[in-house]
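Here the structure is laid out as structure tokens; the discussion comes afterwards.
The values are calculated or read from the model by the stated rules, or taken from the named source; none is laboratory data. Computed from a predicted structure; not experimentally measured. Backbone-built Cβ (ideal geometry, glycine too); neighbour counts: all protein chains shown.
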Amino acid sequence: MTLKGKRAIVTGSNSGIGLGCAEELARAGADVVINSFTDRDEDHALAARLAAEHGVAVRYIPADMSKAEDCRALIETAGGCDILVNNAGIQHVAAIEEFPIAKWDAIIAINLSSAFHTTAAALPGMRAKGWGRIVNIASAHGLTASPYKSAYVAAKHGIVGFTKVTALETAGKGITCNAICPGYVLTPLVEAQIPDQMKAHDMDRETVIREVMLQRQPSRQFATTAQIGGTVVFLCSGAAEQITGTTISVDGGWTAL
Ligand code: NAD
């Protein structure tokens, strides 16, 4: 599978799933733009490392996905893209009555509205080329709900709906848009929660992962960032040309329950 000559932009990609997507796209030969809201030496060093490892062009472009103008500027600064992965996302857990308004607004802006802005900015270039792939990183929470995650679940259900509309507006034009719905993925963020959970439940690492963290994931195994990235690469392949407007779950059976 080669994506040589294609430019991919992955939002929120200096860690976790976004970085996994960037790595797999680079491995498949695409030039990649990685992004977050910071502008540190280590962000640019990460781009240089990916470029050296995979022999492709990799650029880090800082842009804050909570801001409409930054989202649109990211696409313009990159010079457009053939592949757009809308991945940036945050979480906050609280009951509806106590949910901070600023957290609600930030989650809707970063997890949902950013995809509207980047897609709107990327589509004219994709239409002109007659080829484009848009992959939105939703969640099992785009298809199911959990208490105390109102903003996250609303944003993720929203992005699944936005995926379908994008697919309908681009159908038959060489452009596809799909959402990946991961279950629990072992990212540095999730890894960091394990020691606290071990303490809180007085369990060893394996037991707390199996019985507490992966309690809703029938496989009782985390998905990996490389598996999510591999699914993105598949959606960019010729085999996926007629896959559009749908969701692909990578959740160890979560949504089959
Ligand atoms: P993460 O915290 O490791 O990565 C989030 C990325 O988004 C980081 O690179 C961060 O810098 C970036 N980001 C945050 N705010 C931003 C902003 N304002 N502007 C630009 N970038 C910003 O988390 P992750 O687990 O890799 O999550 C990535 C995506 O996958 C999210 O959309 C998340 O909802 C989704 N997801 C994660 C899991 C999981 O188990 N980890 C499961 C399902 C879905």
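Brief remarks on what is shown
- Among the residues listed as Ala179, Ala223, Ala240, the single one being under 26 Å from Ala115 (Cβ atoms) and surrounded by fewer than 21 Cβ atoms within 10 Å (Cβ to Cβ): Ala240
- Complete set of residues in the stretch 148-158 that are aliphatic (A, V, I, L, M) and either away from the ligand (no atom under 14 Å from the Cβ) or in contact with a Ser or Thr (Cβ under 9 Å, 6 or more places away or on another chain) (or both): Val153, Ala155
- Within the stretch 159-190, tally of residues that are within 10 Å of the ligand (Cβ to nearest atom) and either more than 21 Å from Ser146 (Cα to Cα) or assigned to a helix (DSSP H, G or I) (or both): 4
- Candidate set: the stretch 125-140, residues that are part of a strand (DSSP E or B) and not aliphatic (A, V, I, L, M); chosen: the one nearest to the ligand (Cβ to nearest atom): Asn136
- Residue in the stretch 103-124 that is at pLDDT 95 or above, more than 10 Å from the ligand (Cβ to nearest atom), in a loop (DSSP other than H, G, I, E, B) and surrounded by fewer than 22 Cβ atoms within 10 Å (Cβ to Cβ) present: no
- The residues of the stretch 77-91 that are under 18 Å from the mean Cα position of the chain (by Cα) and surrounded by fewer than 21 Cβ atoms within 10 Å (Cβ to Cβ), listed by number, are Ile90, Gln91.
- Here Ala94, Ala73, Ala57, Ala106 are screened, and the one residue that is assigned by TED's automatic domain parsing to the domain that holds Ala155, within 18 Å of the chain's Cα centre (by Cα) and among the small types (Gly, Ala, Ser) is Ala106.
- Scan of the stretch 52-69 for residues that are without any contact (Cβ under 8 Å) to a residue 12 or more places away in the chain and outside any loop (DSSP other than H, G, I, E, B), ordered by number: Ala52, Glu69
- Taking the stretch 145-165 as the range and being among the polar types (S, T, N, Q) and out of contact with any helix residue (DSSP H, G or I) (no Cβ under 6 Å at 6 or more places or on another chain) as the test, the residues that pass are Ser146, Thr163.
- Among the conditions (1) in a loop (DSSP other than H, G, I, E, B); (2) buried (at least 21 other Cβ atoms within 10 Å of the Cβ); (3) within 13 Å of the ligand (Cβ to nearest atom), the only one that Leu74 does not satisfy is (1).
- Residue within the stretch 194-212 that is within 13 Å of the ligand (Cβ to nearest atom) and either in a strand (DSSP E or B) or not β-branched (Val, Ile, Thr) (or both) present: no
- Contact annotation: residue pairs with Cβ atoms under 9 Å, 6 or more positions apart or on different chains, pairing a residue in the stretch 116-128 that is over 15 Å from Ala88 (Cβ atoms) with a partner that is in a helix (DSSP H, G or I) and not hydrophobic (A, V, I, L, M, F, W, C), are Ala120/Arg72; Leu123/Thr166; Leu123/Glu169; Leu123/Thr170; Met126/Thr170; Arg127/Thr170.
- Test: residue in the stretch 141-152 that is in contact with a Cys (Cβ under 9 Å, 6 or more places away or on another chain), under 27 Å from Asn14 (Cα atoms) and not in a helix (DSSP H, G or I): yes
- Meets criteria (surrounded by 16 or more Cβ atoms within 10 Å (Cβ to Cβ) and either within 12 Å of the ligand (Cβ to nearest atom) or of a type in the set (A, V, I, L, M, F, W, C) (or both)) for Val233: yes
- Arg40 being more than 20 Å from Gly238 (Cα to Cα), among the basic types (Lys, Arg) and at pLDDT 95 or above: yes
- Flag for Arg27 being at pLDDT 95 or above, basic (Lys, Arg), under 27 Å from Glu241 (Cα atoms) and in the same structural domain as Ala109 (by TED's automatic domain parsing): yes
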